[in-house]
Amino acid sequence: MTLQVSSKHTGEVPVIHVEGQIDMNNYVEIHELILSEISGGHPNIVLNFRNLNFMDSATLGMLLRSLDKAKHEGGLLVIVTNPFVDRLLSVTGLTHLFERFATKDEALAHLHSAAN
C-alpha cells in the first residue's frame, strides 16, 4: 500500500490524515506538512494514523522532532491511533511522550479544551 496524506483544518486545528505506510522514503512529505502548519501559526496538530499500517524508526524520529517543534511553539502534536500504532509506541517506549486518542473527535476536543 502506498502513502496517502491529506490535511484539513477543523477550526484552527490542522488534522493530517495518513493512510498506508510511512518509511524513510516518504516521511519527509508528512514532516514538511507538519512544519508548515507550525510555522503558519498552527502548533496544535492532530495526526490521524487510524488507517496507518506501517511505520519505521525514521518515522518515529520525525515524530519526536515534530513533537519538540510543536511544544517549542506552545502547541501539541496528538495522535489518533490504531492497535498497530499503539503497539509500536509501546514497544519503543514512546507512549508517555505522545497523547493518543481513539478518534479524531476526541483528539480535537482535547486540543480545544487545552487551548481554553
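The values are calculated or read from the model by the stated rules, or taken from the named source; none is laboratory data. Keep in mind the model is a prediction, meaning the values are calculated, not measured. Cβ atoms come from the backbone with ideal geometry, glycine included; neighbour counts cover every protein chain shown.
Worth a mention:
- Top-ranked residue of the range 92-116 - restricted to ones that are out of contact with any helix residue (DSSP H, G or I) (no Cβ under 9 Å at 6 or more places or on another chain) and charged (D, E, K, R), ranked as surrounded by the fewest Cβ atoms within 10 Å (Cβ to Cβ): ASP105
- For LYS8, the stated conditions hold: it is exposed (fewer than 13 other Cβ atoms within 10 Å of the Cβ) and touching a strand residue (DSSP E or B) at 6+ places or on another chain (Cβ under 9 Å).
- Residue identified as assigned to a helix (DSSP H, G or I), crowded, with 20+ Cβ neighbours inside 10 Å, without any contact (Cβ under 8 Å) to a residue 60 or more places away in the chain and not small (Gly, Ala, Ser) among LEU60, LEU89, LEU35, LEU52: LEU89
- Exactly one residue among LEU77, LEU97, LEU108, LEU89 is closer than 16 Å to PHE54 by Cβ and either hydroxyl-bearing (Ser, Thr, Tyr) or modelled with pLDDT of 95 or more (or both), and that residue is LEU89.
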